[in-house]
């Protein structure tokens with residue numbers, strides 16, 4: 001497929017390849033384009049031939065730098081759109097997609113949430129009520145009807161389960177001081193169930209409730225899934241970093257066992273967000289434990305700021321990041337549900353960092369959206385159905401402490417197991 005433009009820019013080249021695949025060739029030779037007999041898209045101000053798909057440019061992809069953009073949303077084929085122009089479709093699909101995938105709005109002045117992160121309420125997707133949709137994929141699906149002989153990008157694996165291991169064990173392998181303190185705290189608060197649970201684990205009568213790894217293994221094997229585990233290995237227990245010490249033999253063994261069967265990634269601590277040396281130390285800790293390089297990551301609490309966080313990860317040797325989602329609400333942060341390369345907007349260039357967006361996190365459903373397990377199950381299924389309809393990839397985030405057999409969490413464990421068996425069993 002040929003895509004003609006008057007002027008080839010890094011932004012256009014990036015978004016054209018991302019949306020249409022490596023088979024699209026961006027050209028600025030008008031004569032070559034006019035005489036081409038295959039699929040072709042004219043991305044210029046004037047129509048050139050009768051057999052082309054004409055998309056009139058908005059102007060964003062010819063710009064350099066970052067400045068506020070005028071956004072006036074409207075509907076096309078039942079889908080919200082913006083950057084209105086003329087042509088065979090009434091908006092610049094390339095510029096609008098670039099705006100969403102590059103997270104252009106996150107480079108502009110914005111409000112922070114209570115954790116100092118980009119607040120999802122700032123986003124166009126939230127304001128225009130399409131956060132729950134992989135809108136770019138839906139646009140491309142409509143575009144595909146206009147160029148039916150062209151194969152658009154799709155995922156060969158439509159489900160990616162991922163797990164954040166923030167606290168590997170609830171009671172086992174923690175310090176004696178912590179456990180004794182916890183015992184008396186629960187006793188004084190009247191949490192007798194917790195007192196008995198802790199006593200049962202330490203007397204080897206019960207299994208540690210957070211140790212659900214064998215159960216997950218059985219699910220993965222039965223459903224033939226290939227998950228990714230992200231381990232939090234903060235050197236110091238502080239603030240939001242409450243993990244087990246990564247130097248303990250139990251943590252070292254756990255990480256090594258998982259690396260032998262699955263992909264293992266780094267869950268950079270909250271503390272490392274402002275300390276690149278600490279990030280490198282945490283990465284080295286996991287690499288030493290598993291005996292191989294680590295190139296995957298997801299930010300703890302989704303603490304990230306563009307472009308700083310991604311540049312830091314690239315410098316640390318991370319090639320795949322799984323933080324493209326919100327830690328405050330479920331939905332499609334980049335309005336896209338396939339892996340894509342990060343475009344460094346300030347440097348105006350595509351990077352080698354691959355972004356794997358997620359749209360569902362158990363903690364968001366429970367703490368932020370206040371959903372019941374039944375409501376969360378419905379939301380998760382709706383996301384899967386939507387992603388499957390656009391040949392995308394559903395990436396979900398679960399925590400081991402949400403999947404225990406403890407009474408308060410058993411319904412969440414059951415909903416996840418039921419979801420896997422329904423769709424992949």
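Search the stretch 229-250 for residues being farther than 21 Å from residue 218 by Cα and crowded, with 18+ Cβ neighbours inside 10 Å, and hand back the single one that is nearest to the chain's Cα centre (by Cα).
For the stretch 229-250, the residue satisfying everything is 232.
Among the residues in the stretch 339-362, are any touching a strand residue (DSSP E or B) at 6+ places or on another chain (Cβ under 8 Å), assigned to a loop (DSSP other than H, G, I, E, B) and surrounded by fewer than 18 Cβ atoms within 10 Å (Cβ to Cβ)?
no
Among the listed residues 328, 323, which satisfies the condition of being in the same structural domain as residue 268 (by TED's automatic domain parsing), out of contact with any strand residue (DSSP E or B) (no Cβ under 8 Å at 6 or more places or on another chain) and closer than 22 Å to residue 366 by Cα? Even if it seems obvious, please write down each step before you answer.
Values: 323 fails: out of contact with any strand residue (DSSP E or B) (no Cβ under 8 Å at 6 or more places or on another chain).
Of 328, 323, the one residue that is in the same structural domain as residue 268 (by TED's automatic domain parsing), out of contact with any strand residue (DSSP E or B) (no Cβ under 8 Å at 6 or more places or on another chain) and closer than 22 Å to residue 366 by Cα is 328.
Please give the number of the condition residue 86 fails out of (1) modelled with pLDDT under 95; (2) surrounded by 15 or more Cβ atoms within 10 Å (Cβ to Cβ).
(2)
Quick check on the stretch 204-231: of everything there that is out of contact with any helix residue (DSSP H, G or I) (no Cβ under 9 Å at 6 or more places or on another chain) and not in a loop (DSSP other than H, G, I, E, B), which residue is nearest to residue 169 (Cα to Cα)?
Per the criteria, the residue is 214.
How many of the residues in the stretch 6-58 are touching a helix residue (DSSP H, G or I) at 6+ places or on another chain (Cβ under 8 Å), touching a residue at least 24 places away in the same chain (Cβ under 8 Å) and more than 24 Å from residue 138 (Cα to Cα)?
4
Filter the stretch 60-115 for residues that are assigned to a loop (DSSP other than H, G, I, E, B) and at positive phi and give the result.
65, 77, 78, 83, 103, listed by residue number.
Only one of (1) in contact (Cβ under 8 Å) with a residue 60 or more places away in the chain; (2) over 19 Å from the mean Cα position of the chain (by Cα); (3) part of a helix (DSSP H, G or I) fails for residue 414. Which number is that?
(1)
Could you run through the stretch 277-295 and say how many residues are surrounded by fewer than 20 Cβ atoms within 10 Å (Cβ to Cβ) and more than 22 Å from residue 249 (Cβ to Cβ)?
Residues meeting the conditions: 5.
The values are calculated or read from the model by the stated rules, or taken from the named source; none is laboratory data. These numbers come from a predicted model, not from an experiment. Don't worry about glycine lacking a Cβ; one is built from the backbone with ideal geometry, like all the others, and counts go over all protein chains shown.
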